[in-house]
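The values are calculated or read from the model by the stated rules, or taken from the named source; none is laboratory data. It should be emphasised that the depicted structure is a prediction, and the values quoted were computed from it without experimental measurement. We place every Cβ from the backbone using ideal geometry, glycine too, and count neighbours over all the protein chains shown. Note: areas computed on protein heavy atoms with side chains; ligands, DNA, RNA excluded. Shrake-Rupley method; radii C 1.70, N 1.55, O 1.52, S 1.80 Å.
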There are 2 protein chains.
Amino acid sequence: MSFSFEVFETDPTGGRRGRLRTPHGTIETPAFMPVGTAATVKGLSQETLEELGAQILLANTYHLYLRPGHELIRRSGGLHRFMAWPRAILTDSGGYQVFSLSELCKIDDVGVRFRSHLDGSEHLLTPEKAAEIQLALGSDIAMVLDECIETPAPRPVAEAALRRTTAWARRAREYFLLRAGQEGYPAQWQFGIVQGATYADLRRESARQLLELDFPGYAVGGLAVGEPHEVTCEMATEVGALLPAERPRYLMGVGRPEQLPDYVACGMDMMDCVLPTRAARHACLYTTEGRVLIRNARYAEDARPIDPRCSCRVCQRYTRAYLRHLFASGEITAAVLATHHNVHFYLDTMRQIREAIYFGQLVNFAAELRARYVAGPA
Amino acid sequence: MSFSFEVFETDPTGGRRGRLRTPHGTIETPAFMPVGTAATVKGLSQETLEELGAQILLANTYHLYLRPGHELIRRSGGLHRFMAWPRAILTDSGGYQVFSLSELCKIDDVGVRFRSHLDGSEHLLTPEKAAEIQLALGSDIAMVLDECIETPAPRPVAEAALRRTTAWARRAREYFLLRAGQEGYPAQWQFGIVQGATYADLRRESARQLLELDFPGYAVGGLAVGEPHEVTCEMATEVGALLPAERPRYLMGVGRPEQLPDYVACGMDMMDCVLPTRAARHACLYTTEGRVLIRNARYAEDARPIDPRCSCRVCQRYTRAYLRHLFASGEITAAVLATHHNVHFYLDTMRQIREAIYFGQLVNFAAELRARYVAGPA
């Protein structure tokens, strides 16, 4: 077994520093996973991601299933080989995109029927199918299919989704355990996903049910979808308290830079978010002093780097004035440089969080980050 | 004076190998200049251009004059500093884009009146203004404003444009010589542009008139705009024969990869073309075996690099199948990787041309390139 996870430092807050070993390298946790939707982090080459120190990427099962197709990727030798990324990959189940992107999405106990947003073709995603697709992709970590509900959710809706999520997790686990390690199937870890909306007791119940299925790691899903930050943290803490300390915990789809230390303090080890990459393409740059909306006229002749405190390649070389010009001119290079900086900023924030845990200073780091951040850019 | 040019090897064909020294580094000639229209080669960072070995870029005066404005760039310390490119830059006069991009373009002996394609604002570009803008940009090599005519051109039209081009060149030269080297003005070389359409005697006449103005280098303009390749070469050769051997010669706006050795054999030292960058964004990749239109379904599972003979970073890592997937998915990274490869291909072809001249083998290299190229991709 080439997978393992160990926690080797704990902060007074509950923040954990650890190491997740996979057949595609070791991930220092807490870890931020840049999102490579269609087997590419938009605008960055894999060389650049290595240079930035990304140890794991997230790729979207829904997108890759529709295009180029998981069987094509399987025939290519798996996603690592297809996209020439030798480090670790986590794939989601596809469920979230089915619910948010596809048309005519119909859900029942069997699974989700939907039409592709690309060509309108009909598809059925079941817990077994989601597991099989991710085995074909050969990601290091696969997620079970869960039911994603809108928020805020009435309690009966949250209860029904919780029941279905557990039932699907059981089917996904069974399917996975029959195949994992068999001839033609890759080594993979499959994670369960705790649901329960913003009801603490439902979150606990969901966690207890999933623990019976003995996943090597657990995710907390359906959070940071509009509820107050404090509620997100409360739910994550509730769940974290029930999860086995020696297994990795993944808080899905978070978050804003100044929130990252809080999630780590809730005991979370892994996070992913499209924010650094998507915001970059919209000319929103993250800095230690807050967001810089680089299209603003005030930056037209600003000869400073995006963030004077930043050590990234973009900040070493280019001025705000130049970045602004690239965005004003609609240049591809604008997205390339902005994404480079933002992904560096997120990965670097995580590096600082890991260091803060080492010194038992996570609370102070979180406070400092928030104080500087809210101050806004010069 | 930190500029110089020397030819230190000549091929039996007339191809020349030389060195162009500028305050921003030495350019080995024959040289290909990637086009960085708006102070960026679309999709490539300046680090990547350095890695690819680009020694000089071309930037477009028309675009930079309109946005962000030449005075802003002057205040920023010039174009090198603005775009963080420490190597050499050549700027065109803006004339070609005024004629091809702007609206309501009206020409008379004073200059060209036009409306911006961005906001419809009215502008007047004169030979003096074109020189002043380029001094503000601080490029290493500036071009005089010339009259660009449609082709094929009736002889009287070509004659009139020739006369105006010479008159404008004289005004540009006078303006330039009064300012160059003065306080606040950068060191710069100004090149004249030989016109005369496809009439050999007019080309010779244009060259003779410009020689009187004693430019440190000469360009051949208005070619490769639809006439047969043989005619382009014939005109370039006619002009080349009249130009002083010890000054650089720049054939503007060429060309296709398999044509580059021919232009060098005509005695040309510098070339620029949007083809490698523009074609890359349209999924057209240049290889030693010809063009690979990577969107083609035949590449869907092709595990080979774009060009098995290519040493570029993209070909060392990624497959045709992956590139095709990126283009099919409309990913920014597609343009980034394809542009990287194509610019490498052009710069590498020029490296091979310089080597061929060293061994006196330019004719053989041209024949080999054309034979391989026409064979088409495997």
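Remarks
- The single condition among (1) without any contact (Cβ under 8 Å) to a residue 12 or more places away in the chain; (2) among the polar types (S, T, N, Q); (3) open to solvent by 10 Å² or more (accessible area, probe 1.4 Å); (4) within 14 Å of chain B (Cβ to nearest Cβ) that A:N364 does not satisfy is (4).
- Members of the range A:252-308 that are open to solvent by 30 Å² or more (accessible area, probe 1.4 Å), more than 23 Å from A:D140 (Cβ to Cβ) and in a loop (DSSP other than H, G, I, E, B): A:R256, A:H282, A:E289, A:R295, A:N296, A:E301, A:A303, A:R304, A:P305, A:P308
- Residue within the range A:321-337 that is away from chain B (no Cβ under 13 Å), modelled with pLDDT of 95 or more and open to solvent by 10 Å² or more (accessible area, probe 1.4 Å) present: no
- The range B:343-355 - residue that is open to solvent by less than 10 Å² (accessible area, probe 1.4 Å) and more than 14 Å from chain A (Cβ to nearest Cβ) and, of those, nearest to A:T277 (Cα to Cα): B:Y346
- Of the residues examined, A:Y65 is not one that is more than 14 Å from chain B (Cβ to nearest Cβ) and either in a strand (DSSP E or B) or open to solvent by 20 Å² or more (accessible area, probe 1.4 Å) (or both).
- Elements of the type strands (runs of 3 or more DSSP E) sitting completely within the range B:89-198 and holding at least 2 residues that are open to solvent by 10 Å² or more (accessible area, probe 1.4 Å): these cover B:103-107, B:112-115, B:122-125.
- For the range B:312-327, a residue qualifies if it is more than 19 Å from A:G78 (Cβ to Cβ) and either in a loop (DSSP other than H, G, I, E, B) or touching a residue at least 24 places away in the same chain (Cβ under 8 Å) (or both), and the qualifying residues are B:C312, B:R313, B:V314, B:C315, B:F327.
- Of the residues making up the range A:36-56, those that are under 13 Å from the mean Cα position of the chain (by Cα) and farther than 18 Å from A:H341 by Cβ are A:T37, A:Q55, A:I56.
- Test: residue in the range A:77-88 that is among the hydrophobic types (A, V, I, L, M, F, W, C) and away from chain B (no Cβ under 14 Å): yes
- Residues being farther than 21 Å from A:E47 by Cβ and open to solvent by less than 10 Å² (accessible area, probe 1.4 Å) - total across the range A:310-320: 1
- Qualifying residue in the range B:289-312 (condition: away from chain A (no Cβ under 12 Å) and polar (S, T, N, Q)): yes
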